[in-house]
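The values are calculated or read from the model by the stated rules, or taken from the named source; none is laboratory data. Being a predicted model, the structure only gives us computed values, none of them experimental. Positions of Cβ are backbone-derived with ideal geometry, glycine not excepted, and every protein chain shown enters the neighbour counts.
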């Protein structure tokens, strides 16, 4: 049987407000950018370049951050660091540029299909944000998770895309945490941040879900913000709901606090720890 974790009451969650807000302020600083894949959004001046570079950076954000940064830089170099222009004008013969590229389970064939799909989106919707806005409208009207609709509509552009490539774009219908897609939206939607760019506004940042990875989940369980054992879509909903008690307008900002505490576990006051086994 999986372990059971103690969950804080709403009143107890609010007792963490000052502590977690302090950690948000400590971590969400300009110097954070240099060692994080979000740097690729900051590297461009044009919105479409920022969004496309950010989408690939978030999609590839799997593993150590320094390795992710090196691989994303390699991939953008293969597009001459002009992602919007390269993708818009992409032809199958350009796929040879991706030969030899590899990151985790990403292979050249995956990069080719992701680019082809994004090209179709740009040609049909004129911008990546308009595609997101359309997905958001469909999700709202049909009361479905945004990332279920995004996955569905993304691959509807090229139904012939291989199954292996589909696995690189999360789907809430598959109970995925959709961490990388919500990481991208945190970068692109949150405003008034020294890190997140806030270049899209198709939905309010209050609707952002926490980008849940194993490290954030561990700290959340230690603090009693998350009782679910598995890092799945239900866990994302549970944790985001808890964080909305602290800031209903901007719950995703606490991603910074939980990330920082993951690096500095010894700085969690003993009285705030609900599940000490998570920090063993």
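Okay, here's what the table says:
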{"item": "Test: residue 209 is touching a helix residue (DSSP H, G or I) at 6+ places or on another chain (Cβ under 7 Å) and surrounded by fewer than 19 Cβ atoms within 10 Å (Cβ to Cβ)", "result": "no"}
{"item": "Residue in the stretch 150-166 that is out of contact with any strand residue (DSSP E or B) (no Cβ under 6 Å at 6 or more places or on another chain), assigned to a helix (DSSP H, G or I) and touching a residue at least 40 places away in the same chain (Cβ under 8 Å) present", "result": "yes"}
{"item": "Complete set of residues in the stretch 168-194 that are farther than 16 Å from residue 232 by Cβ and over 14 Å from the mean Cα position of the chain (by Cα)", "result": "191, 192, 193, 194"}
{"item": "Selection count where residues are assigned to a helix (DSSP H, G or I) and free of Cβ contacts under 8 Å to residues at least 12 places away in the same chain, scope the stretch 167-206", "result": "1"}
{"item": "Selected residue [within 21 Å of the chain's Cα centre (by Cα) and in a helix (DSSP H, G or I)] from 117, 87", "result": "117"}
{"item": "Close pairs from the stretch 92-111: first at positive phi and assigned to a loop (DSSP other than H, G, I, E, B), partner at pLDDT below 95 and surrounded by 11 or more Cβ atoms within 10 Å (Cβ to Cβ), Cβ under 9 Å, at least 6 apart", "result": "104/62; 104/63"}
{"item": "Checking residue 238 against (1) crowded, with 16+ Cβ neighbours inside 10 Å; (2) at pLDDT below 95; (3) more than 21 Å from residue 22 (Cα to Cα), the condition it does not meet", "result": "(2)"}
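Yes/no per residue for (1) modelled with pLDDT under 95; (2) crowded, with 19+ Cβ neighbours inside 10 Å; (3) touching a strand residue (DSSP E or B) at 6+ places or on another chain (Cβ under 9 Å); (4) over 28 Å from residue 201 (Cβ atoms):
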position	(1), (2), (3), (4)
81	no, no, no, no
107	no, no, no, yes
115	no, yes, no, no
118	no, yes, no, no
